[in-house]
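A short worksheet on the structure shown next.
The values are calculated or read from the model by the stated rules, or taken from the named source; none is laboratory data. Bear in mind that the values here come from a model prediction, so they are computed numbers and not experimental data. Cβ sites come from the backbone with ideal geometry, for glycine too, and all protein chains shown count toward neighbours.
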Amino acid sequence: MSTKVVITAALAGSGTFKANNPAVPYSPQEFADEAEKCFKAGASMLHIHGRDEAMGGLHTSEVEKVKAVYDAIRKRVPDIIIQVTSSVGAPCPVGPFPESDCVNLINQLIKLNMEARLRSIKAIKPESASLNTNTMNFSILDRKTGQVVIDNVFVNSFGMLQDFGKAMEEMGCRPEAELYDIGGLDNWLLIAKQGFFKKPYNFNFVWGVAGGQKFRPDAFATMAHALPPDSNFTTCAVGTEQYPAIMQSCLMGGHMRVGLEDNTRLPNGDMAKGSYEQVEVAVKIASCLGREPATPAEARKILGIQR
C-alpha cells in the first residue's frame, strides 16, 4: 500500500449550518479562508457544496454561487484539488397533484433535478466530482428517539449513474463513486461494464447517513475487499462515526475524508473550530499508522487526476 494518504476536507454540505457550528462556511470568502487552513494542516483535496447566504446558508446548485466558491478557493489555494458535489439539485414542489398527471410530472421533476445537479460541474469542469450510486432514504432523524425530522428520498437511477459518469469522464473530471452500502458498488459494477470509467477507480465509503448503513468494521472490510482491481478508496462518516471510520480506512491502505459537512466536533466532543482541526486529527492518525499526508501533486498521481 502507498505510505501516502490523501486527506480530503468536506467544508460544508447540505445538512450542517452555523447553528450547528459557527465555523460552517457560507460565503466564498469563508470557504477560501477555511480551504487555506485545511491545506496548511495537510489536506490535499477539498469537497465543496454551494451555499446561499441570502437563504440562510441553504445548499444551492446555482452555477454562479458554486463557481464563486470554487474561484475563491482556487485563487487562495491554487494547488489543492477541488471536488464539486453532484448531489444537489433543484427544489421539487410537493403535491397533491392530479392522479392522471403524477407519473409524467414525477419524471419531469426528476429530469429537471438531474440537470440541475450536473450543471455546475459542466460549467466549472473541476478535477473531480462526486457520483452517487443508488436511490435511498436520505433523511434527518432524532438519533435518540428515532423521530423523523425531515423525510427524504435521494434519487439516483442507473441512467443518472451512466449519464453523469460519462459526462464527467469525457470532460476530464474524475468521478468519485459514493458508496452508502455494498449495493451501491454492485450498481457501479453493472454500469462499469460499458467501459467508460477510467482507471484508477475512486470510491468513497459513506457511513452513518439516516438511510445508509452504520459504520461497522466488518462491513468496511467487506466493501474494501469487494472493490475491483486498480481501485482507490477513502471514507467519511456522520457524527461520532467519523473518526473510527477514517482510522480503519487508513489502516487498510485507504484514504480519509473529514470536515464540517459530516461532523461538527472533535474526538473529545468539543466543537471543532473548523474543518482544519479535523484534518489535524487525520494527520495524527496517519502518523500513528506510519503514513504521511499526500501533497496535491502526489494525490493527483494516486487518484489518476490530470491537471
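Just a few scattered comments:
- Any hit, segment 168-178, residues being part of a helix (DSSP H, G or I), closer than 19 Å to Asn204 by Cβ, out of contact with any Ser or Thr (no Cβ under 9 Å at 6 or more places or on another chain) and touching a residue at least 24 places away in the same chain (Cβ under 8 Å): yes
- Some residue of segment 222-233 being closer than 19 Å to Glu36 by Cα, surrounded by 21 or more Cβ atoms within 10 Å (Cβ to Cβ) and touching a helix residue (DSSP H, G or I) at 6+ places or on another chain (Cβ under 8 Å): no
- In a residue-by-residue description of segment 121-138, the property of being surrounded by 13 or more Cβ atoms within 10 Å (Cβ to Cβ), among the small types (Gly, Ala, Ser) and modelled with pLDDT under 95 applies to no position.
- Scanning segment 133-167 for residues that are part of a strand (DSSP E or B) and out of contact with any Ser or Thr (no Cβ under 9 Å at 6 or more places or on another chain) gives Met136, Asn137, Ser139, Ile140, Leu141.
- Residues of segment 41-56 include at least one that is closer than 30 Å to Glu298 by Cα and of a type in the set (S, T, N, Q).
- Being at pLDDT 95 or above, in contact with a helix residue (DSSP H, G or I) (Cβ under 9 Å, 6 or more places away or on another chain) and surrounded by fewer than 20 Cβ atoms within 10 Å (Cβ to Cβ) is a description that applies to Ala192.
- Selection status of Ala210, more than 17 Å from the chain's Cα centre (by Cα) and hydrophobic (A, V, I, L, M, F, W, C): no
- Considering the conditions (1) within 17 Å of Thr16 (Cβ to Cβ); (2) surrounded by 24 or more Cβ atoms within 10 Å (Cβ to Cβ); (3) touching a residue at least 60 places away in the same chain (Cβ under 8 Å), Ala237 is excluded by exactly one of them, (3).
- Only one of Asp230, Asp186 that is free of Cβ contacts under 8 Å to residues at least 24 places away in the same chain and among the acidic types (Asp, Glu): Asp186
- Here segment 119-142 is the region considered, the condition is being charged (D, E, K, R) and touching a helix residue (DSSP H, G or I) at 6+ places or on another chain (Cβ under 8 Å), and the residue that is farthest from Ile82 (Cα to Cα) is Arg119.
- Where a residue in segment 246-263 is under 23 Å from Gly15 (Cα atoms) and its partner, wherever it lies, is among the β-branched types (Val, Ile, Thr) and in a loop (DSSP other than H, G, I, E, B), with Cβ under 6 Å and at least six apart: Leu260/Thr16; Leu260/Val24; Asp262/Val238
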